[in-house]
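One structure is given below, encoded as C-alpha cells.
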Amino acid sequence: MNKKPSSSEETSKATKLLLAIVNFGEAASINIDAFLFSMGSARQLMRNISVANRENYRSTFQGLCRHGYIKKVNENQFLITPKALRKIRISQIEASDWNVGKWDGFWRIISFDIPESKKRERNILRALIRRKGFIGIQNSVFIAPFADFEALAELRKDLKIEKYVSFFIAKSYQTDDDSLLKKRFKLH
C-alpha cells in the first residue's frame, strides 16, 4: 500500500530539489541572487536524480512553482525567488554544526525589537535560533555559546529585519556568575 508522504517529507524533498537547482547554478558560476534557469537545465538535473525518484521530483518541482519558490518567466525559463533563497538559507543554517571545537568563553547574544508588522519574520528568526540551541533570557534576547553570525546576518538581510536585530559577542564580567548558563549548555 502506498503511503502519502508527510508534510515534513514533502518539505524535505522541496528543499533538496531547491538546493540541487542552486548547486547546479553555482557550479555554472551563476549569481544565485538573480538565478534564472532553463527547463533544459532542470531536465539535466532530473537526469542526475535516480530513475525511481524522477517522477517524484517532477511533482515536487511543480509544487515549488505552485507555492512561489520558483517562478515561470516564460515557456522555457524559471527564476528562483527570494522566498526560495530564504528557505535554502534556513535549511543551510539548520544543517550546519556550530558546536565545533572548544568553547572560547564568549557568549553569542541576539537581541531584537522587531515590530508587529514583521511578526512572521520575527517568528521565523525566533524559531530558527531556538532550534539551533539559543535560549531566551528575555522575550527578545537569546544567548548561546556558539553561532554563525555571518549566516544569521544573511538571513536577517533576506528577511529585511537587519535594522531590528543585533548580534553581540560578550564575555561575562568577573563579578557575574554565568555558571547556570554553562551548566545549561554543558560547558563544564
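The values are calculated or read from the model by the stated rules, or taken from the named source; none is laboratory data. Just so we're clear, the structure is a prediction, and the values are computed from it rather than from any experiment. Virtual Cβ from ideal backbone geometry, glycine too; neighbours counted across all protein chains shown.
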*Does Val51 satisfy the condition of being modelled with pLDDT of 70 or more and over 15 Å from the mean Cα position of the chain (by Cα)?*
no
*Residue list for the range 66-99, restricted to those being more than 19 Å from the chain's Cα centre (by Cα) and not in a strand (DSSP E or B)*: Arg66, Val73, Asn74, Glu75, Asn76
*Grab the helices (runs of 4 or more DSSP H) fully contained in the range 109-188, keeping just those with 3 or more residues being surrounded by 18 or more Cβ atoms within 10 Å (Cβ to Cβ).*
119-131, 149-158
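Specify which of the listed residues (Ile135, Ile129, Ile169) is in the same structural domain as Ile114 (by TED's automatic domain parsing) and under 17 Å from Asp113 (Cβ atoms). Write out each step before concluding.
Details: Ile135 fails: under 17 Å from Asp113 (Cβ atoms); Ile169 fails: under 17 Å from Asp113 (Cβ atoms).
Step by step, each of Ile135, Ile129, Ile169 is checked, and only Ile129 is in the same structural domain as Ile114 (by TED's automatic domain parsing) and under 17 Å from Asp113 (Cβ atoms).
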*the range 82-108 - residue that is of a type in the set (S, T, N, Q), surrounded by fewer than 17 Cβ atoms within 10 Å (Cβ to Cβ) and closer than 26 Å to Ala14 by Cβ and, of those, modelled with the highest pLDDT*: Ser96
*under 19 Å from Asp97 (Cβ atoms) and of a type in the set (A, V, I, L, M, F, W, C): does that describe Leu125?*
no
